[in-house]
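Have a look at the structure below, then the notes.
Read the figures in this text as sums done on the coordinates, not as results from a lab. Here the structure is a predicted model, which means the values were calculated and not measured. Reconstructed Cβ throughout: ideal geometry from the backbone, glycine too, with neighbour counts over all protein chains shown.
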Amino acid sequence: MDLFRLLIGMVLSSAIGLAGYRAEALSLSGVLGAILTGTVIFGFGGWSWGLLLIAFFVSSSLLSRYREAEKETLAEKFAKGHRRDLGQALANGGWGAILALAYAFGGGGRLLWAAFTGAMAAVTADTWATEVGVLSPQRPRLITTGQPVPVGTSGAVSRLGTLAALSGSLFIGLTMLLFQIAGSALGNRPGLWNDVFIVPAGVVGGLVGTVVDSLLGATVQAVYYCDRCQKETEQKVHRCGRRTHRLRGWRWLNNDVVNFLSAVAGSGAALLVGLLGWG
């Protein structure tokens, strides 16, 4: 473990967390989550791992601002707003932090590098799919039945959202490859062109994570119903102030848990791609 790198990670993640708070992308608890995950990922994973986490956060925060006024009407559907809290920070970065610890102490090497990329690709793809997919001019369809459903329904997919998920996955894979090439050049190490396998690892991990997220959302994620507004929502207390009742799903399986599980699934898929590519 590099204590200096751990300290740098804490300083950088603190600065980014505070900047995110000022930009209203993070709540106060979200700042804490960003510092925790960022410090661990920077300190134990390394620069390329930490920078990839920043790439996810910055790109997702910018997309959340894209056509924000049009998305405001859908806020009642989702459990939380655009300001990420501690739960969301841990859901998106927690599994990556665990992989960073395994990378530092377990000596997993390149395969854990691929697994981390897949985890970040999964949460990026899911976020991009949500932020862009809700703007689709066509009604989305439930992933399990193919039936048209209202925009914002848990487990709903659309062509635009799927394209956004693919773009987010590719973005993460290419970004990690560029970081690795830059790191090799700065460290005067020979670049290994078979590192390009990190790109399909990211794409596959992102898409698998998104599918898992949608399947869980359509089947076992907790969904509630507001009798006053007569609308489905992920919120236990609706925006109107009325307490909702559970319509379906497991009570403990909220959106944060779903995001964490999709990251795990994405990392597993990316690891398999790494095994195929690197033996």
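Report the rotationally averaged projected area of the range 240-279 based on its alpha-carbon convex hull, in square nanometres.
Averaged projected area of the range 240-279's Cα convex hull equals 4.2 nm².
What is the spin-label model distance, in nm, from Thr219 to Trp47 if the labels are put 7 Å beyond Cα along the C-beta direction?
4.3
Could you compute the net charge surrounding Val157? Neighbours are other residues with a C-beta less than 14 Å from the C-beta of Val157; K and R count +1, D and E count -1.
Local charge sum for Val157: +1.
If each of Phe4 and Lys236 carries a label point 7 Å out from its Cα toward its Cβ, how far apart are those two points in nm?
Computed distance between label sites Phe4 and Lys236 equals 4.7 nm.
By how many nm would the segment from Leu174 to Val196 grow when fully extended, if each residue of separation counts as 0.36 nm and the alpha-carbon distance is taken off?
Stretched fully, the Leu174-Val196 segment lengthens by 7.1 nm.
Put +1 on the Cβ of every Lys and Arg and -1 on every Asp and Glu Cβ in the range 3-278; which of Met176, Val204, Phe4 then has its Cα farthest towards the positive end of the dipole?
Working it through, the farthest residue towards the positive pole turns out to be Val204.
What residues have an amide H closer than 5 Å to that of Lys231, excluding those fewer than 5 places away on the same chain, when H is modeled at 1.01 Å from N in the peptide plane?
Cys226
Under the rule of -39500 (n - 2.57) per DSSP H run of 4 or more residues, summed and divided by the residues of the chain, what mean residue ellipticity at 222 nm is obtained, to the nearest 500 deg cm²/dmol? Don't jump to the answer; show the numbers that get you there.
Working: 9 runs with 175 residues, N = 279.
Value at 222 nm, helices only, nearest 500: -21500 deg cm²/dmol.
Remind me, what semi-axes does the range 198-279 give for its equivalent ellipsoid, largest first in whole Å, using sqrt of 5 times each Cα gyration tensor eigenvalue? Don't skip to the end; give the middle numbers.
Details: eigenvalues 253, 18, 14 Å².
Whole-Å semi-axes of the equivalent ellipsoid: 36, 10, 8.
List the Cys residues of the chain that have no partner Cys with a C-beta closer than 4.7 Å.
By the Cβ distance rule, which asks for a partner under 4.7 Å, the isolated cysteines are Cys240.
Would you grab the residues whose amide H sits under 5 Å from the one on Val151? Only those 5+ places off in sequence or on another chain, please, with H modelled 1.01 Å from N.
Hits under the 5 Å cutoff: none.
Can you compute the FRET efficiency between Arg248 and Arg65 using 1/(1 + (r/R0)^6), with r the Cβ-Cβ distance and R0 = 35 Å? Round to the nearest 0.05.
0.65
Along its three principal axes, how long is the range 87-180 when you only count alpha carbons? Whole Å, largest extent first please.
47, 28, 22
Equivalent-ellipsoid semi-axes (√(5λ), Cα gyration tensor) for the chain, whole Å, largest first?
33, 21, 16
I'm a student and want to see the number: the projected area of the Cα convex hull of the range 141-279, averaged over all directions, in nm².
10.7
How would you order 120-128, 33-41, 6-14, 269-277 from highest to lowest mean count of nearby Cβ atoms within 10 Å? Before the final figure, lay out the partial values.
Numbers: 120-128: 32.6, 33-41: 24.8, 6-14: 18.2, 269-277: 21.6.
Answer by packing, highest mean first, reads 120-128, 33-41, 269-277, 6-14.
Toward the positive end of the charge dipole of the range 3-278, about the Cα centre and with charges on Cβ (Lys, Arg +1; Asp, Glu -1), which of Ala25, Trp95, Val149 goes farthest?
It is Val149, whose Cα lies furthest towards the positive end.
³J(HN,Hα) across the range 2-19 via Karplus (A = 6.51, B = -1.76, C = 1.60, θ = phi - 60°), whole Hz, x for Gly/Pro?
9, 5, 5, 5, 5, 5, 4, x, 5, 5, 5, 5, 5, 5, 5, x, 5, 5
Using alpha-carbon pairs under 8 Å, 6+ residues apart, how would you state the relative contact order of the chain in percent?
Relative contact order of the chain: 21 percent.
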